[in-house]
1. As an exercise, take the mean of 1/r over every pair of distinct alpha carbons in region 325-400, invert it, and state the Kirkwood radius in angstroms.
2. Any chance you could list P(r) for region 243-310, counting all Cα-Cα pairs in 10 angstrom bins from zero, rounded to whole %?
3. Which whole-number value in Å³ per residue fits the convex hull of the alpha carbons of region 117-168?
4. Subtract the Cα-Cα distance of ASP150 and ARG184 from 0.36 nm times their separation in residues, and report this length gain in nm to one decimal.
5. Working from the alpha-carbon coordinates of region 423-557, get Rg over Rh, Rh being the Kirkwood radius.
6. Could you give me the ³J(HN,Hα) list for region 414-426, computed from phi with Karplus coefficients 6.51, -1.76, 1.60 and θ = phi - 60°, whole Hz, x at Gly and Pro?
7. Please report the antiparallel percentage of the DSSP beta bridges confined to region 299-451, to the nearest 5.
8. In nanometres, what is the gap between the two model label sites at ARG281 and GLU172, each 7 Å from Cα along Cα-to-Cβ?
Amino acid sequence: MRAMRALLLLLLLAQAQARALEIAEWDVLGPFPVGKTEVDGDVLEAHGGLAAVRMQQRRDGSRRVADRTTQYFSEVARGGVTSWTTARADRQGRIGVNWGVDWNQQVQWMEHNMMVLETQSYFLGSLVVPAGAGGAYVLQAQGAHSLTVDGVLCHGDIYSRGELLSPLELAEGAHEVLVRFRARAQGSFSLRVRSAGAELQLTQPDFSPDVSGNLLLGEWLPLPVLNAGTGWLEDLRVEASGDEIALHPHYVQPHDALAPGVLLPIPVRIKLTADGEAKDRKPGDGCLAISFTVSGSVDGSVKRVRSAPLRVSLRCRKHDEAFLFGYLDHDGSVAHAAAIPPRVALEPGQHAGVMLSFSGVGVTPQKQAESHKYMPKHAKDFAFGYKNMWTLAPERDGAHNWEGVGSRSAITALDALTHISARTTHPILSSDRVHVTGHSRGGHGALAFGVNRPDRAISVSSLSGWYKREYYGDANPLFVLDLQLSHMAPQLKQLLEASIIEHDCGMLMSNLVHIPLLERVGSADTTISPWFTRRMARVMTEHYGLLLEPSDDRAQVAGNVSLSEVKKDANGEPAGHWWWDTKTTNDGGVMNDETMRKFLAKAIKAEDTATSNLCAISAAAPAGVPEDEKDEMGGHDHQAESDALAA
């Protein structure tokens with residue numbers, strides 16, 4: 001019996017391998033230049049495109065490039081010209097070409113302009129489906145943005161997540177595959193083609209909301225649904241099962257129709273059941289779980305397909321720990337954020353404030369929230385967050401996505417936290433006025449929030465940030481060595497540049513003249529140059545100077561701006577992009593050391609005494625403040641600042 005099972009398994013494995021297709025050899029043309037943000041820029045277009053390339057037919061029906069002599073001019077090719085060559089996949093299945101170009105020399109020629117490394121190449125291959133093996137396949141092109149199969153556009157998996165598939169019906173015979181591959185100097189991609197599996201697949205969400213005691217912190221999570229079939233999926237239905245958690249009774253089933261190959265995070269609303277709300281759980285991962293299945297009809301027919309169940313676990317958190325919550329964002333998607341409640345109980349009638357904290361690239365919401373910590377004198381544990389303020393760290397994927405929609409997402413997170421706080425002992429009366437901070441990408445996010453919404457910012461602290469994304473290294477330069485510059489009218493270029501001027505904080509810094517501003521950076525920051533921080537501090541003094549009358553004291557020209565440039569950290573090492581300890585061990589570092597706490601205390605005190613503020617924040621120290629938290633300002637000589645910080 002075991003022998004029969006083993007034989008059956010081998011047969012099934014052989015059949016599966018037989019349905020896995022590959023391209024043994026590719027025809028390749030390149031490299032050519034392309035702009036960093038250019039989507040188009042097909043350099044073969046003027047030559048008639050690929051249709052004008054001379055091909056030859058092979059016995060298996062595949063076509064290969066026959067023209068190996070025609071040369072094409074290219075700014076980045078060796079000797080300035082290039083022609084068709086070939087490439088094969090390596091042992092890891094990666095496909096690429098070593099062009100033999102001295103890329104360091106290219107950069108030096110262009111006066112160290114790194115945009116010369118942005119290249120594009122053409123990879124052309126034949127995918128042969130054996131006789132009798134036609135049917136539904138899925139393509140996965142990791143490292144490539146897109147590809148075409150017989151002229152049909154398929155998406156790639158540019159970030160190699162491993163979740164993006166392109167389903168396609170392939171008949172037996174040869175199929176022409178074209179990958180217009182972009183790289184930094186030179187790179188590689190992989191192409192895997194296999195038989196299609198389940199038409200409807202679920203994957204783990206990026207997050208799930210946490211639970212504290214008997215309170216579900218946020219009701220929304222994104223459930224990724226993949227249409228791995230070749231037909232449209234319509235009339236989707238989400239089902240859920242769990243002992244203590246279920247779909248929210250007011251949840252509206254999705255109205256989305258999924259095209260083939262689409263991976264869509266569907267918003268799902270959940271709630272604790274009556275039994276779930278009656279329990280007070282111990283903290284820990286996986287303290288609750290819920291299983292989801294999704295079904296849908298194919299191409300509007302009566303045929304319905306159903307996914308396999310997906311189990312999603314939730315964490316249980318202590319009441320004073322950072323927690324994750326999901327919320328329905330302004331664009332209908334589900335976003336998430338981390339929050340830390342105030343450390344002390346509020347007096348009757350008192351309401352909590354909010355510190356809105358923008359994260360840098362790759363920093364999770366929880367890590368961003370928990371970076372707001374320090375160890376008070378004579379204490380054994382860290383103090384996370386603030387006494388009478390919530391710490392809120394929203395999330396928005398993307399290297400520079402605190403602009404525009406990212407900023408709106410942060411505002412939606414503020415509204416969601418206000419709603420959640422109403423069910424806690426730390427209610428937020430209004431999130432209209434908040435303190436704003438951020439590091440790196442978040443330093444720009446804090447500035448962008450402040451200059452575009454100065455009525456909502458009590459204070460702004462920009463840490464190791466930049467003020468204009470086009471100036472930040474070589475991440476997003478616009479109109480630098482682009483192909484389009486040889487064809488674009490200057491009036492159109494001017495119009496396009498004007499459409500994004502709202503994200504240039506340097507142009508709008510005058511909006512912060514009446515708002516306390518702290519610009520901070522490490523002198524040895526090699527990730528984001530101190531030049532950006534120094535520029536913003538200087539620009540602000542210019543705006544303050546313009547407000548002064550000739551008879552005013554010119555010593556006041558600094559106004560509300562402070563520049564904190566740290567040369568060395570507590571260990572004597574040059575202070576770079578990030579440091580945990582500024583002067584002493586566990587003093588809060590770049591995010592929450594004495595300098596940051598004093599700046600915040602001063603801003604709170606100024607807001608509390610102002611007569612034109614939109615949302616007064618009480619500065620009264622609550623009763624029963626622990627002794628180890630009375631010295632947050634570095635000594636009892638700063639009693640007024642300590643009282644202000646209690647807010």
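The values are calculated or read from the model by the stated rules, or taken from the named source; none is laboratory data. No experiment lies behind these values; they were computed from the predicted model shown. Glycine gets a Cβ as well: all are built from the backbone with ideal geometry, and neighbour counts include every protein chain shown. When the accessible area is computed, the model is the full protein with side chains, heavy atoms only, and any ligands, DNA or RNA have been set aside. Shrake-Rupley method; radii C 1.70, N 1.55, O 1.52, S 1.80 Å.
1. Hydrodynamic radius (Kirkwood, Cα only) of region 325-400 equals 13.8 Å.
2. For region 243-310, the binned pair fractions read 15, 40, 28, 14, 3 percent.
3. 92
4. Additional length available on full extension: 9.5 nm.
5. The Rg/Rh ratio comes out at 1.06.
6. With coefficients 6.51, -1.76 and 1.60, one gets 4, 5, 5, 5, 4, 5, 5, 4, 5, 9, 10, 8, 10 Hz.
7. 60
8. About 5.4 nm separates the two model spin labels.
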